[in-house]
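The values are calculated or read from the model by the stated rules, or taken from the named source; none is laboratory data. These figures come from a predicted structure and were not determined experimentally. Note: ideal-geometry Cβ built from the backbone for every residue, glycine included; neighbour counts use all protein chains shown. Just the protein is used for accessible areas: all its heavy atoms, side chains included, with ligands, DNA and RNA removed. Shrake-Rupley method; radii C 1.70, N 1.55, O 1.52, S 1.80 Å.
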Amino acid sequence: MLATAVELGLLYAIMALGVYLTFRILDFADLTVDGSFTTGAAVAALGILHGVNPALATFAGFLAGMVAGLITGLLHTKAHIDGLLAGILTQIGLYSINLRIMGTANISLLRESTLFTGLREAGHIASSSWMGSLILLPFVLAVWLLIVWFLHTDTGLAMRATGDNPQMIRSFGVSTDNQKILGLALSNGLVAASGALVAQYQGFSDIGMGIGMIVAGLASVILGQAIFGRTTILRAAFAVVFGAVLYRVVIQLALLAGFEPSDMKLISAILVILALILPQVKVFKRLPAMFKSRGAATSSEEDLVPMGATSLEPRTYGAEPGLDASVSDGKDN
């Protein structure tokens, strides 16, 4: 059943990319994720039950997630509530809102037409076939490339600078509050879209399906970046996608090894701990360098800038031999 784990990993990768935006780019611990994931699932499920096109229902879930992120952003930036507490407050509020949306704790979609109905009837997903993974992969890669492109736009650069050095970017006249609100809205929109897709894949939406989702998202980000590193946005975002798939495969292997589903939260916590500790071991410190292609450091401007830094930041070019010699000799060229 590893094929099913990879399919789920690809769907959860969209959620992990959302967590990446807040956790790595904005340096913001957003706990709204546990609630917004269910919000996306609830809105999509309700829409599908009422005959809405599954694609539109998924998009509606994305928009609902953006609203949830917007609320957290406003609480943090305008009401001056600590970011962690703002996320918790929104998450708690979303539990009741999600129940209101669904009207019950669980909505079944087994007899409804979803985005995966055709693939399921053809036996391409939720089976031992790898066709489902091959079909889902281009969609997830498109989302990955879209995020990479966005983070290289002027708005994306300002968002990266907001997480790295808010004082500096404010000196350029950029509103860090607006960047945080936008980042939180986009992040939770992606999380909710993932929830909408997972609900359609599993055939139900449940009020408890988002519990612990922030841990799964962090595990995906940390696992992937422990292996691939995060020296560039391209690599860091790809590492998140890889980490999400790897996380689901590990969970599936744990189930096959005889662990109970109730043990999965403990296994998730252990995975995060290992991903945080192992990169400090000398052998594992060299692992990201194995994936670094030769010459990449000089072929791309981005590789000259640490992940999360922006071209707006002052750079040091002291590594140039000529400059070093002139400075050390005290000569004025």
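So the values come out like this:
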read-out	value
Yes/no for LEU234 being open to solvent by 20 Å² or more (accessible area, probe 1.4 Å) and modelled with pLDDT under 85	no
Odd one out for VAL52 among (1) farther than 22 Å from VAL143 by Cα; (2) assigned to a helix (DSSP H, G or I)	(2)
Failed item, numbered, when SER113 is tested on (1) touching a residue at least 60 places away in the same chain (Cβ under 8 Å); (2) surrounded by 20 or more Cβ atoms within 10 Å (Cβ to Cβ)	(2)
Residue that is modelled with the lowest pLDDT, among those in region 158-175 that are touching a Ser or Thr at 6+ places or on another chain (Cβ under 6 Å) and buried (at least 19 other Cβ atoms within 10 Å of the Cβ)	ILE169
Any hit, region 82-89, residues being open to solvent by 60 Å² or more (accessible area, probe 1.4 Å) and touching a residue at least 60 places away in the same chain (Cβ under 8 Å)	no
Helices (runs of 4 or more DSSP H) wholly inside region 68-172 containing at least 1 residues that are within 20 Å of ALA55 (Cα to Cα)	83-102, 117-121, 131-150
